[in-house]
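What follows is a set of notes on a single structure, which appears directly below.
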Amino acid sequence: MSENAEDKAGSIPAQSDGAEAGPAGETSGTATLTKDAAPGEILLKVTGLQKHFPIKKGLFQRQVGAVRAVDGIDFEVRSGETLGVVGESGCGKSTMGRLITRLLEPTAGAIEFEGKDITHLGVSGMRPMRRDVQMIFQDPYSSLNPRHTIGTIVGAPFRLQGVEPEGGVKKEVQRLLSVVGLNPEHYNRYPHEFSGGQRQRIGIARALALKPKLVVADEPVSALDVSIQAQVVNLMDDLQEELGLTYVIIAHDLSVVRHVSDRIAVMYLGKIVELADRESLYKAPMHPYTKALMSAVPIPDPARKNAKSERILLKGDVPSPISPPSGCRFHTRCWKATEICRTTEPALLELRPGQRVACHHPENFEDQAPQDTVLLTAAKEAAELVADEVLAESAETSAAVAAELAEEAAAEEPASEEPASEETASEEVAASEETPSEEAASAETAEASAPESGSQESTDK
Amino acid sequence: MTELSKTGAAVGEPTSSSPAPSSFLEVRDLKVHFPTDDGLVKSVDGLSFQLEKGKTLGIVGESGSGKSVTSLGIMGLHTAGQYGKRKAQISGEIWLNGTELLSADPDHVRKLRGREMAMIFQDPLSALHPYYTIGAQIVEAYRIHHDVDKKTAKRRAVEMLDRVGIPQPDKRVDSYPHEFSGGMRQRAMIAMSLVNNPELLIADEPTTALDVTVQAQILDLIRDLQKEFGSAVIIITHDLGVVAELADDILVMYGGRCVERGPAEKVFYEPRHPYTWGLLGSMPRLDRDQQERLIPVKGSPPSLINIPSGCAFNPRCPYADVPKDNLTRTVRPELTGVGDKHWAACHMSQEQRERIWTEEIAPKL
């Protein structure tokens, strides 16, 4: 693999030479110096990725079930972009991050990095890969070894990869420290001598040591204070510009994600429910869950204190990923859910250019299953929590979009959305290869679909 | 009262030391210091504020600014637990409903705690006892203050669980904390703290451990309950969004002191302290168009053992050199009135700050 990358490195001129002209710019010599994929090309491609954690019980540790942390997701990351991944705790976003960095072994699916299948590479097979894919962890306290000096920690990637930067490891480490805004003279200090924000910078320096192509950051700023958060966000911004990095940033804070991302994936219970450009997602979210998630963010503006009506409150808690609801996983809490949502899983379809949504009744768009109009009882209860204004508005926009589309369709050949959706849906059912258990789960959840999703979770545990 | 710039020891809005507070809660020059091997940690160093019934005060600040210690001090919990080894030093006055708490008999304060004042903690899993059912813990809290039999108390517990939105409260009352999800635990804790209808409720980062959708539910609940019970609420958080949702008044803390205090609208629209500007600038906002760049506060929060001399914010303040004579580094600024019920502690003149805010800061936000 490294040879392959080397070849490419030779053939395509380094995109960010100027910025990398530091002492070690050309030193580590081999694979990882240059960016192979031109900006916009697909760097990482994930198809049908699954991770099920087995639940074992009893004397013989028989598997009695599985936590379906990531349950069939597809996306790609283009070179030079930042993909933000948001979702509530337990939606599988961190597991996804660990899968694409191959810290976890996927249950099914495929991960391609620069066109090479890395899904099942072993430890030694992954080693050359590790230079190109690095990770920044959430907790700057537990991700640095307290008994190693900063120099050792940031220099470890060179040691492990057997790379000898020009001017020696020490010089390169000191350069990295100054790049991330730390004093290079602190080379011999220990992690406990640094504050949280400084430690996060150390983690970033370590991730950048080998000039990776892809950096996966799992909640990089959530452990930091507000004023420090902004410093780290700006630093990551600058580094991306200088080094042409590609980021996958996993976070639960929607405002931070909007600030850093070009495209955003919204996850719910192990699935991507919406994947779209930043602007489209925030201006006109299509999945009801995305809409609810964004309306829940408290706005720092006291004038809006009483504008409670804009907020969509969701009922109960996220159901357990051990037995996720049948059909659309959000149907137990969705105010638009109908029978089809309970029975058929919606496929992630590109409804609008650059905006993929998995929903039968999307917001701000034409209804995908207009024949199905009877709300589930759970949906009626959920709708009580949604202000009438919101409902009316969403009906209006959907109608407007539908009219618009009808006009377009009349002009052109009718674009057949319906059969396509069915195809993909059936494919996905086949892929998940657990149809019987899913049916069983569906029966279960149908009963408990109403407010008890939380209690269901706890009893399952 | 507004244009007063006092130079005395009392920080905060000028109050006479005569014990005649008209407010429901009044804190005067509160200091909480913890002696440690490394030196004296001045967690809270002269804090004053008042709070009326039915109103909400938001205390904002970064970690280590003393906001949680303030709440523990009011509750009389500063000596408990992890601080236990060496005794915390506390001084000042805390008046609750006409009673001064710091000089009162500890037994009397214990009677007030839970009944007159209650607290919601950040992490409900560690604040609830894992060995006892939710019901048992609420029953205990109720029976300490009410002479009733267990049956009545349990009925009351079920009623409270129902009120905070826990489904099937008559069944869930017998569940253990680990059987609840994070949001439900927080609801249970709110039920426990409100079981005695306290007049003062302190919520210390009540939603920090929760997801946004659950946070929205809990904030909604706190707001509704306050309307219903008419309690005074202190909400402590680092999230300016949360205070904007709930608070009538905002107190910004930095390095154990109040740097700005005023009505929420004033603090958000006409802030008069560079640290408040920094907080507003470092926060990405969903309600605005995409900012190009955040404006962070440089440096990191001060150590509470070595609070910088002069203004505690001076090493991080971009305007530290605006006042003459190196004033920011030598003299500690006092809170001075900058508007109606609005105070800030800064050496820059009002005009200077007004100009910087309107010309330099506000357009970039």
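Being within 12 Å of the chain's Cα centre (by Cα) and within 28 Å of residue A:349 (Cα to Cα) narrows it down to one residue among A:284, A:217; which is it? Can you show your working first?
Working: A:284 fails: within 12 Å of the chain's Cα centre (by Cα).
Every option except A:217 fails the conditions.
Assessment of segment B:174-182 against the conditions (closer than 17 Å to residue B:124 by Cβ and of a type in the set (S, T, N, Q)) yields at least one matching residue. If you go through segment A:177-226 and keep only what is among the basic types (Lys, Arg) and more than 28 Å from residue B:279 (Cβ to Cβ), you end up with A:189, A:206, A:211, A:213. Whether a residue is crowded, with 21+ Cβ neighbours inside 10 Å, within 13 Å of chain A (Cβ to nearest Cβ), in contact with a Cys (Cβ under 9 Å, 6 or more places away or on another chain) and of a type outside the set (Gly, Ala, Ser) was assessed, and residue B:317 passes this test. Here is the figure for segment B:329-359: residues that are exposed (fewer than 13 other Cβ atoms within 10 Å of the Cβ) and more than 28 Å from residue B:306 (Cα to Cα) total 5. For segment A:216-223, the count of residues that are within 14 Å of another protein chain (Cβ to nearest Cβ), buried (at least 22 other Cβ atoms within 10 Å of the Cβ) and free of Cβ contacts under 8 Å to residues at least 12 places away in the same chain is zero.
Residue count for segment A:227-256 under the criterion of being more than 27 Å from residue A:38 (Cα to Cα), in contact with a strand residue (DSSP E or B) (Cβ under 9 Å, 6 or more places away or on another chain) and of a type in the set (A, V, I, L, M): the result is 1.
Enumerate the helices (runs of 4 or more DSSP H) found wholly within segment B:54-143, keeping only those where 2 or more residues are touching a strand residue (DSSP E or B) at 6+ places or on another chain (Cβ under 6 Å). Explain how you work it out, then say what you get.
On the way: elements: B:67-75, B:106-112, B:124-127.
Helices (runs of 4 or more DSSP H) meeting the threshold: B:67-75.
Being of a type in the set (Ser, Thr, Tyr) and either more than 9 Å from every other protein chain (Cβ to nearest Cβ) or open to solvent by 20 Å² or more (accessible area, probe 1.4 Å) (or both) is the filter here, so list the residues in segment B:267-293 that pass it. Correct list: B:269, B:276. Residues that are among the polar types (S, T, N, Q) and either crowded, with 21+ Cβ neighbours inside 10 Å or closer than 20 Å to residue B:223 by Cβ (or both) within segment A:257-308 comprise A:261, A:290, A:295, A:306, listed in sequence order.
Listed conditions (1) open to solvent by less than 60 Å² (accessible area, probe 1.4 Å); (2) in a loop (DSSP other than H, G, I, E, B); (3) over 18 Å from residue A:264 (Cβ atoms) are all met by residue A:88, apart from (3). Within the set of pairs 6+ apart or on separate chains, which have a first residue in segment B:136-149 that is in contact (Cβ under 8 Å) with a residue 40 or more places away in the chain, a second that is open to solvent by 50 Å² or more (accessible area, probe 1.4 Å), and C-beta atoms under 8 Å apart? Cβ pairs passing all conditions: B:137/B:129; B:145/B:111; B:145/B:115.
Taking the listed residues A:203, A:181, A:197, A:167, the one that is modelled with pLDDT under 90 and either aliphatic (A, V, I, L, M) or surrounded by 19 or more Cβ atoms within 10 Å (Cβ to Cβ) (or both) is A:197, with no other qualifying. Among the residues of segment A:372-391, some residue qualifies, meaning at least one is outside any helix (DSSP H, G or I), among the small types (Gly, Ala, Ser), open to solvent by less than 40 Å² (accessible area, probe 1.4 Å) and at pLDDT below 80. Is it the case that segment B:45-57 has a residue that's surrounded by fewer than 23 Cβ atoms within 10 Å (Cβ to Cβ), among the aromatic types (Phe, Trp, Tyr) and within 20 Å of residue A:302 (Cβ to Cβ)? Within segment B:45-57 (the criterion being surrounded by fewer than 23 Cβ atoms within 10 Å (Cβ to Cβ), among the aromatic types (Phe, Trp, Tyr) and within 20 Å of residue A:302 (Cβ to Cβ)), the answer is yes, since at least one residue qualifies. Of all residues in segment A:338-352, those satisfying the criterion of being outside any helix (DSSP H, G or I) and within 25 Å of the chain's Cα centre (by Cα) are A:344, A:345, A:346, A:347, A:348, A:349, A:350, A:351, A:352. The single condition from (1) of a type in the set (A, V, I, L, M, F, W, C); (2) touching a residue at least 40 places away in the same chain (Cβ under 8 Å); (3) away from chain B (no Cβ under 14 Å); (4) crowded, with 23+ Cβ neighbours inside 10 Å that residue A:341 fails is (2). Taking segment B:224-238, which residues are touching a residue at least 60 places away in the same chain (Cβ under 8 Å) and either within 14 Å of chain A (Cβ to nearest Cβ) or among the hydrophobic types (A, V, I, L, M, F, W, C) (or both)? Answer for segment B:224-238, where residues must be touching a residue at least 60 places away in the same chain (Cβ under 8 Å) and either within 14 Å of chain A (Cβ to nearest Cβ) or among the hydrophobic types (A, V, I, L, M, F, W, C) (or both): B:225, B:226, B:232, B:233, B:234, B:235, B:236, B:237, B:238.
Only one of the numbered conditions (1) surrounded by fewer than 18 Cβ atoms within 10 Å (Cβ to Cβ); (2) modelled with pLDDT of 85 or more is violated by residue A:356, and that is (1).
Residues considered: A:98, A:130, A:147, A:159. Of these, the only one that is open to solvent by 70 Å² or more (accessible area, probe 1.4 Å) and within 28 Å of residue A:254 (Cβ to Cβ) is A:98. Screening residue A:350 on (1) surrounded by fewer than 21 Cβ atoms within 10 Å (Cβ to Cβ); (2) under 28 Å from residue B:240 (Cβ atoms); (3) among the acidic types (Asp, Glu) shows it passes everything except condition (2). Every condition in (1) touching a helix residue (DSSP H, G or I) at 6+ places or on another chain (Cβ under 7 Å); (2) buried (at least 18 other Cβ atoms within 10 Å of the Cβ); (3) more than 12 Å from chain A (Cβ to nearest Cβ) is met by residue B:309 except one, and the failing one is (2).
The values are calculated or read from the model by the stated rules, or taken from the named source; none is laboratory data. Note that the structure is a prediction, hence the values are computed from the model and not measured. When we count neighbours, we look across all protein chains shown, and the Cβ atoms used for this are built from the backbone with ideal geometry, even at glycine. We work out accessible area using only protein heavy atoms, side chains counted, and drop any ligands, DNA or RNA first. Shrake-Rupley method; radii C 1.70, N 1.55, O 1.52, S 1.80 Å.
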